[in-house]
Amino acid sequence: MPSEQWTHPEPGDGPAAIAAQPSPEQVIAGLRATSEGGAELTQLLTPEGQRVPSTQFDPYVADVDDETLRNLYRDMVLVRRADREANAMQRQGQLGIWVPLLGQEAAQVGSGRALQPRDMAFPSYREHGVAYTRGVDLRDLIGIFRCTDHSGWDYKAHGFHPYTIVIGNQVLNATGYAMGQKFEGKVGDDDGEATICYFGDGATSQGDVHEGFVWGAVYDAPLVFFCQNNQWAISEPTERQSRLPLYQRARGYGFPGIRVDGNDVLACLAVTRWALEQCRHGNGPVLIEAFTYRMDAHTTTDDPTRYRLSDELEEWKLKDPIERVRAHLVRGGGAEPEFFDQVQAEADEFAAQLREHTFTMPEPPPERIFSNVYAESSPLLEQQRAEYLSYLDGFATAGEH
């Protein structure tokens with residue numbers, strides 16, 4: 001019996017090591033692939049803005065012209081500007097916490113724009129860009145981080161589930177939803193439905209993610225597992241969580257895995273469209289590893305200078321997702337300087353509206369915490385509500401004496 005393959009090497013790295021006997025070369029190759037992208041990285045726009053042809057994925061962006069690229073550029077600029085404003089407002093005491101997405105705009109905008117209205121997206125807590133592409137007013141996100149709302153949008157109407165704070169839990173929710181799509185016969189052709197679930201590289205170490213992989217594979221669920229590998233699970237680098245590139249894990253569950261340049265909005269759009277097509281036609285799940293970088297802290301309670309070097313940050317600045325689209329448009333004459341000025345002005349106004357909303361947001365009444373937790377109320381919930389309000393009334397009564 002041949003020995004089990006320990007890892008699948010990148011092209012040119014030599015034969016695979018066998019189980020329990022990885023060669024030093026294979027260990028080095030595996031770690032390098034988790035930090036440099038590797039030879040199998042799908043890319044359509046280089047960091048310098050040059051177009052890279054792809055026989056497999058060009059058909060999925062055949063409709064993308066200069067106007068579409070300008071719109072994608074605008075999406076990313078507005079999302080980044082809103083993110084920076086929210087980050088500043090947290091520092092000013094207006095938000096309890098903020099989860100920055102700086103550097104991950106292309107992964108979120110590209111994949112989000114690949115979705116159809118009938119699809120459903122399950123986010124974690126950093127997917128502000130995906131929310132924007134699904135038509136969610138970013139002002140509705142603020143209540144979560146100001147601790148006044150559980151979520152402020154109609155998740156069915158937008159096809160965008162409420163944020164999930166528990167690491168990896170949304171993968172199980174998404175898997176169940178996608179299984180429901182399969183059981184209800186909503187897959188099988190171009191008009192089929194699909195689900196996408198977002199999580200980070202750190203979540204791949206959680207049991208919930210692996211359970212989702214198992215159930216999704218067994219039931220051929222129309223589910224795209226979208227891992228934003230931003231290189232750091234808070235303070236732990238990816239290579240301390242996996243011996244091999246994350247996208248290769250899909251092979252162990254029996255469905256395709258692919259690594260895409262997460263700073264390339266065009267590649268993220270194409271690869272996600274391809275993956276969703278596979279799901280719609282009943283071919284089961286797909287794992288996408290969007291290879292990107294978290295340019296800011298994990299959250300505003302984190303200090304990334306304690307665990308990563310500034311040289312690493314400077315290297316990734318050269319791969320900025322927004323600048324490569326700008327360079328491509330300028331090089332090809334797809335946009336004039338006035339366009340970029342207009343987008344920046346629009347982004348500043350967008351941020352100003354977000355700030356105005358935050359500073360003038362009314363304080364919710366105490367009983368608000370009992371609202372929108374369950375689809376329907378219950379005697380126990382009403383009892384808890386009454387007891388809590390009676391408890392608060394006691395303070396008012398005490399003050400009268």
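Every read-out reported here was derived from the displayed coordinates using simple, explicitly stated rules and does not represent laboratory data. A quick note: this is a predicted structure, and the numbers were derived from the prediction, not measured. A quick note on method: Cβ atoms are made from the backbone with ideal geometry, for glycine too, and the neighbour counts reach across all protein chains shown.
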(message) For the range 65-90 and the range 270-308, what is the centre-to-centre distance using only Cα atoms, to the nearest Å?
(response) 18 Å
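Provide the FRET efficiency to the nearest 0.05 for the D189-K156 pair, computing r from the beta carbons and using R0 = 22 Å.
Numbers: r = 23 Å, r/R0 = 1.04.
Given R0 = 22 Å and the Cβ-Cβ separation, E is 0.45.
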(message) Of C197, W153, Y253, which is farthest towards the positive pole of the chain's charge dipole, taken about the Cα centre with +1 and -1 on the beta-carbons of Lys, Arg and Asp, Glu respectively?
(response) Y253
(message) Among P47, Q90, P285, whose Cα projects farthest towards the positive end of the dipole of the chain, with charges put on the beta-carbon of Lys, Arg (+1) and Asp, Glu (-1)?
(response) P285
(request) May I ask you to list the trypsin sites (Lys or Arg not before Pro) in the range 94-129 that are in a DSSP loop and have at most 13 other Cβ atoms within 10 Å of their Cβ? (result) R118
(request) Only loop residues by DSSP count here, and only those with at most 16 other Cβ atoms within 10 Å; note down the GluC sites (Glu not before Pro) in the range 179-213 that meet that. (result) E184
(message) From Cα pairs below 8 angstrom and at least 6 apart in sequence, can you work out the relative contact order of the chain, rounded to a whole percent?
(response) 22 percent
(request) Give, in nm to one decimal, the length gained when the segment between D348 and R240 is fully stretched (0.36 nm per residue of separation minus the Cα-Cα distance). (result) 34.9 nm
(request) Can you tell me the FRET efficiency between E315 and Q56 if r is taken as the Cβ-Cβ distance and R0 is 25 Å, rounded to the nearest 0.05? (result) 0.35
(message) Straight-line reach only, C-alpha to C-alpha below 13 angstrom: list the aspartates and glutamates that K319 could link to, leaving out same-chain residues fewer than 8 apart.
(response) E36, E48, E105, D261, D264
(request) Taking the chain as the reference, fit the longest principal axis to its C-alpha atoms, fit the long axis of helix 105-114 to the helix C-alpha atoms, and give the angle between the two in degrees, 0 to 90, nearest 10. (result) 90 degrees
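Highest first, please rank the peptides 77-89, 320-332 by the mean number of other Cβ atoms sitting within 10 Å of their residues. Show your work: numbers first, answer last.
On the way: 77-89: 21.5, 320-332: 19.7.
Averaged packing, sorted descending, gives the order 77-89, 320-332.
Would you please name the chymotrypsin sites (Phe, Trp or Tyr not before Pro) within the range 278-314 that are DSSP coil residues with at most 16 other C-beta atoms within 10 Å of their C-beta? Show your work: numbers first, answer last.
Values: sites: F291, Y293, Y307; in loops: Y293, Y307.
The qualifying sites are Y307.
With a 10 Å radius around each residue's Cβ, average the other Cβ atoms per peptide and rank 147-157, 222-232, highest first.
Details: 147-157: 14.5, 222-232: 27.4.
Ranking the peptides 147-157, 222-232 by packing returns 222-232, 147-157.
Applying a 10 Å radius around every beta-carbon, put 39-50, 341-352 in order of their mean neighbour count, most first.
Numbers: 39-50: 17.8, 341-352: 14.7.
Per-residue mean Cβ counts within 10 Å order the peptides as 39-50, 341-352.
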(request) For H281 and E323, calculate 0.36 nm times their separation in residues minus their Cα-Cα distance, and state this gained length in nm to one decimal. (result) 11.6 nm
(request) Identify all aspartates and glutamates with a Cα-Cα distance to K186 below 12 Å; exclude those on the same chain that are fewer than 8 residues away in sequence. (result) D119
